[in-house]
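Worksheet: one structure, shown below.
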Amino acid sequence: MKKTFSMGGIHPHDKKISAESAIERFPVLSKAYISMSQHIGAPATPIVQKGDKVLTGQLIATSSGFISANIHSSVSGTVSAIEPYPDIAGNPVMHIIIDVEGDQWDESIDRSEEIVRDIKLTPQEILKRIADCGVIGMGGASFPTHVKLSPPPGKKAEILIINGVECEPYITSDYRIMVERPEEILIGARIMMKALGVSEGYIGIEVNKPKAIDVMKSFSASYPEIKVVPLKKKYPQGGEKQLIDAVTGRKVPSMGLPIDTGVVVQNCATALAVYEAVQKNKPLFEGVVTVTGDCTEQQRNFLLRVGTPIDALLNSVGRLPKDAAKLISGGPMMGKAVSNISAATVKSTSSLLVLTSEQTLRKEEGECIRCAKCADACPMGLEPFLLNKLARAGRYADLERERVYDCIECGCCMYTCPANIPLLDYIRISKADVLKILRSRPK
Ligand code: SF4
Ligand code: SF4
């Protein structure tokens, strides 16, 4: 029996139709739009001005708080504006806009393809290099990596887990990285283990990616402290709490953090970014993005510079069909709808998914038939049918008692509901309200 997490979960079709498309370098376009809010925490502060010349990989905005991250130019050229520009939701966010001239890289970056195995930096130097290079979590949460690798006082890391699960349907960017850059991921994991002072590392990969498991296993023979753990295919196994449970059997407590179990989880794309930062002095200014959909002419995986306009990416997969109705950044379960296709990609963009009107059709909502399918599917042990009722009635004290704050917004409840009740829509809003109430309470 393959390992998996213990509670709930669902089995959507994985639709990994871009899996066999090797990573291709996407061309650098004539303009780059680089957002100052690419991470959780305070936006970065621009340190360049309109008219300045910048190089690819040059620092252009600095971290402005404990939880924040540096931002580097993904192109070379001239800063043409520093102004609000709409993000994927259409909200104005401060951007540095650069007119591209050639592609001249900062000379301190090692551009050779040679793999550097020897880790020379001390743990403190590793953390500083990761922070300097603006590395953030690439698995969706965009948390600055150097902060996550620095457990708070009183907490100690014992295990590092690299997340190679990629359980969201359609997305294949992590899969391609594991198949094409396995040793860099392992060295990135080893670097993070050195920074954390831990000697036990795992890479969790679901069994629907046998090639990634084989490749990672064969390379990990030279890295005996890191073991590949094949996992049963089940959504949302890529969630940190579910992955820790699946790999170690440890349970993150309610309202707790992964570090409460002694485990730190980092995505495999983050491990690659850490390798490049520490061994190559390369800041995080490009990453692999899947562009896919059942209705697109092609499905591809690109190595793409941060700040590339989304409409240009869409044009790269052929003509869109007339019934293309919705664009999602991320996967169909937890991704975000893109309402502005002129918006630019950010460090954590992993996928663009085109859905047809038929795929996005919301079926008519019926009455709850008390089947409890939503509760069976919930990986956090919640009762979504009850949370939905309480949320609609605005009963915040009851929502708190029912632990709405533990909802990871995975959508399993909504996916299974035979009455088509948009459970997560209501639960998500009430969770935000309850968290606001909890934070405003005197400690
Ligand atoms: S969205 Fe929240 S309530 Fe629904 S299944 Fe996921 S964790 Fe449970
Ligand atoms: S799955 Fe839907 S119908 Fe069944 S109990 Fe939950 S909310 Fe009600």
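The values are calculated or read from the model by the stated rules, or taken from the named source; none is laboratory data. In this text the structure is predicted, and so the values were computed from the model without any measurement. Heads up, the Cβs are rebuilt from the backbone with ideal geometry, glycines too, and the neighbour counts pull from every protein chain shown.
Among the strands (runs of 3 or more DSSP E) confined wholly to segment 1-115, which include 3 or more residues that are in contact with a Phe, Trp or Tyr (Cβ under 9 Å, 6 or more places away or on another chain), outside the structural domain of Leu149 (by TED's automatic domain parsing) and free of Cβ contacts under 8 Å to residues at least 60 places away in the same chain?
In segment 1-115, the matching strands (runs of 3 or more DSSP E) lie at 92-100.
Restricting attention to segment 265-272, does a residue exist that is surrounded by fewer than 24 Cβ atoms within 10 Å (Cβ to Cβ), among the β-branched types (Val, Ile, Thr) and in contact with a helix residue (DSSP H, G or I) (Cβ under 7 Å, 6 or more places away or on another chain)?
no
Is it true that Gly330 is at positive phi and at pLDDT below 95?
Details: at positive phi: yes; at pLDDT below 95: no.
Spelling it out, it is not the case that Gly330 is at positive phi and at pLDDT below 95.
Across segment 296-321, what is the number of residues that are under 23 Å from the mean Cα position of the chain (by Cα) and within 24 Å of Ile97 (Cβ to Cβ)?
Matching residues across segment 296-321 total 14.
Could you tell me whether any residue of segment 322-329 is under 21 Å from Ser21 (Cα atoms) and over 20 Å from the mean Cα position of the chain (by Cα)? Talk me through it step by step, then tell me what you get.
Of segment 322-329, the ones under 21 Å from Ser21 (Cα atoms) are 327-329.
Cutting the leftovers down to over 20 Å from the mean Cα position of the chain (by Cα) gives us none.
So far as segment 322-329 goes, no, none of its residues is under 21 Å from Ser21 (Cα atoms) and over 20 Å from the mean Cα position of the chain (by Cα).
(1) part of a loop (DSSP other than H, G, I, E, B); (2) surrounded by fewer than 23 Cβ atoms within 10 Å (Cβ to Cβ); (3) at pLDDT 95 or above: which one isn't true of Lys363, the others all being true?
It fails just one condition, (3).
Which ones in segment 1-27 are touching a strand residue (DSSP E or B) at 6+ places or on another chain (Cβ under 6 Å), surrounded by fewer than 19 Cβ atoms within 10 Å (Cβ to Cβ) and within 26 Å of Gln104 (Cα to Cα)?
The answer is Glu24, Arg25.
Need pairs with beta-carbon distance below 6 Å; first residue on the phi > 0 side of the Ramachandran plot and within segment 366-387, second more than 6 Å from ligand 1 (Cβ to nearest atom); sequence gap 6+ or separate chains.
Gly381/Met7
When you check Arg300 against the structure, is it of a type outside the set (S, T, N, Q), under 23 Å from Pro169 (Cβ atoms) and modelled with pLDDT of 95 or more, yes or no? Can you show your working first?
Details: of a type outside the set (S, T, N, Q): yes; under 23 Å from Pro169 (Cβ atoms): yes; modelled with pLDDT of 95 or more: yes.
So Arg300 fits the description; yes.
Looking at segment 368-378, can you tell me whether even one residue there is surrounded by 19 or more Cβ atoms within 10 Å (Cβ to Cβ) and under 30 Å from Arg176 (Cα atoms)?
yes
Mind checking which residues of segment 371-404 are part of a loop (DSSP other than H, G, I, E, B) and away from ligand 1 (no atom under 11 Å from the Cβ)? Talk me through it step by step, then tell me what you get.
Step one: filter segment 371-404 for residues part of a loop (DSSP other than H, G, I, E, B), giving 371-372, 378-383, 393-395, 402-403.
Once the filter is applied, which keeps residues that are part of a loop (DSSP other than H, G, I, E, B) and away from ligand 1 (no atom under 11 Å from the Cβ), segment 371-404 yields Cys371, Ala372, Ala393, Gly394, Arg395.
Report every pair of residues separated by at least 6 positions or lying on different chains whose Cβ atoms are under 6 Å apart, first residue within segment 405-422 and within 22 Å of Pro253 (Cβ to Cβ), second in a loop (DSSP other than H, G, I, E, B) and more than 6 Å from ligand 1 (Cβ to nearest atom).
Listed by first residue and then by second, the contacts come to Asp406/Ser254; Ile408/Gly239; Cys410/Pro236.
Within segment 346-400, work out how many residues are under 19 Å from Cys417 (Cβ atoms), polar (S, T, N, Q) and more than 16 Å from ligand 2 (Cβ to nearest atom).
Residues flagged as under 19 Å from Cys417 (Cβ atoms), polar (S, T, N, Q) and more than 16 Å from ligand 2 (Cβ to nearest atom) within segment 346-400 amount to 2.
For segment 231-324, which fully contained helices (runs of 4 or more DSSP H) count at least 2 residues that are under 29 Å from Ile10 (Cα atoms) and hydrophobic (A, V, I, L, M, F, W, C)? I'd like the intermediate steps shown before the answer.
Details: elements: 240-248, 268-280, 310-315.
Qualifying helices (runs of 4 or more DSSP H): 240-248, 268-280.
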